[in-house]
1. Residue 359 - would you say it is surrounded by 22 or more Cβ atoms within 10 Å (Cβ to Cβ), more than 22 Å from the chain's Cα centre (by Cα) and either without any contact (Cβ under 8 Å) to a residue 40 or more places away in the chain or over 26 Å from residue 139 (Cβ atoms) (or both)?
2. Looking only at residues that are part of a loop (DSSP other than H, G, I, E, B) and at pLDDT below 90 in segment 77-103, which one is farthest from residue 348 (Cα to Cα)?
3. Could you grab me the full set of residues in segment 116-135 that are part of a helix (DSSP H, G or I) and under 19 Å from residue 335 (Cβ atoms)?
4. So residue 316 fits all but one of (1) surrounded by fewer than 21 Cβ atoms within 10 Å (Cβ to Cβ); (2) at pLDDT 95 or above; (3) within 30 Å of residue 386 (Cα to Cα); what number is the exception?
5. So residue 264 passes all but one of these: (1) surrounded by fewer than 24 Cβ atoms within 10 Å (Cβ to Cβ); (2) modelled with pLDDT of 95 or more. Which condition number does it fail?
6. State all residues of segment 59-75 that are modelled with pLDDT under 90 and surrounded by 21 or more Cβ atoms within 10 Å (Cβ to Cβ); if no residue qualifies, say none.
7. Out of (1) under 21 Å from the mean Cα position of the chain (by Cα); (2) surrounded by fewer than 19 Cβ atoms within 10 Å (Cβ to Cβ); (3) farther than 21 Å from residue 296 by Cβ, the odd one out for residue 167 is which?
8. Specify which of the listed residues (275, 323) is in a loop (DSSP other than H, G, I, E, B), on the phi < 0 side of the Ramachandran plot and either surrounded by fewer than 24 Cβ atoms within 10 Å (Cβ to Cβ) or at pLDDT 90 or above (or both).
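The values are calculated or read from the model by the stated rules, or taken from the named source; none is laboratory data. Predicted, not measured: the structure shown is a model, and the values here were computed from it. In this analysis, Cβ positions are derived from the backbone assuming ideal geometry, glycine residues included, and neighbour counts consider all displayed protein chains.
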């Protein structure tokens, strides 16, 4: 009888989601800022110019070209690795807290896989009905394929970083060159169903495009590598105790961000029409831009770790800006979907269609507006002690099989 009871306990999730008191400031403020970068990247997708670099329409006024140059330097291919590293950090923290709470490693692995399935479902619905450049599905796929590494040793994680890093270096270079040679970046770049005039037809098309989109993102960007690096950072406490690791975080920021900027310059000059490169040169510049963007994303995370360290060391309460960014970060799923929904409503042709009338500067303006709406929403929810609706739904589904807690937990995501 005792053995059966022990088995039942071990095969049950021992605790629920992270409480508000357990959350670290650095990852949350980084997520809040990251959503601004993602908004800046998404808005440009709706502009109707077929002469584009990355997500940016090429040409326009001097201001438009400056906005394109700045976006390619600081945002494109930098926000995805940043998000992926924070995603890996969150997954690793979830596993460590489950194991510390008495959950068996086997059940912790099942929890990761269940989260992956839920993210695939959320991502598929989001891709089909709202925004066909989804990141939830690829992260769900990552959880299913690579989640087993999160319950293995640090050595296994390091090997995963090396193996996936080498693979993505080769695949990114190959994809960048192939796309540049076959699609001509300055030619008729295909934007898929974002420009559709018929919503029903767009939905039907996206139903079979979604799985390919998930795989494509993982092959063309260093998402998996960044995710595994984030898991290693979580295990070593780099963001949990940023004061202790401030010298390391400073070195990472001061090394990785310059690498990111230097690697972005060739493509940024091309996008701003300062340098007119041939197709092969554009492909190589795109590959360099993507690979160095991996370092930029990690460098940005380190910067926010330093900001959190400064606030913690001085024992200050977060200022209004950090408080607002943290509120967004704690509701990143809700704010992400809110942003893409607003872009669809405002810019797509199946709704208001304002994307037909803007260029790079207008897209950046809409991105800032949409992000500020997300910030206001998150701050309102934070003021009233409420989780983000989608974040709460994901956690409710994820922990549905949890053994009842002995004590009530504070509100937190």
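1. yes
2. In this case the residue turns out to be 102.
3. Within segment 116-135, 118, 119, 122, 123, 125, 126, 127, 129 qualify.
4. (2)
5. (1)
6. Within segment 59-75, just 60 meets the criteria.
7. (3)
8. 275
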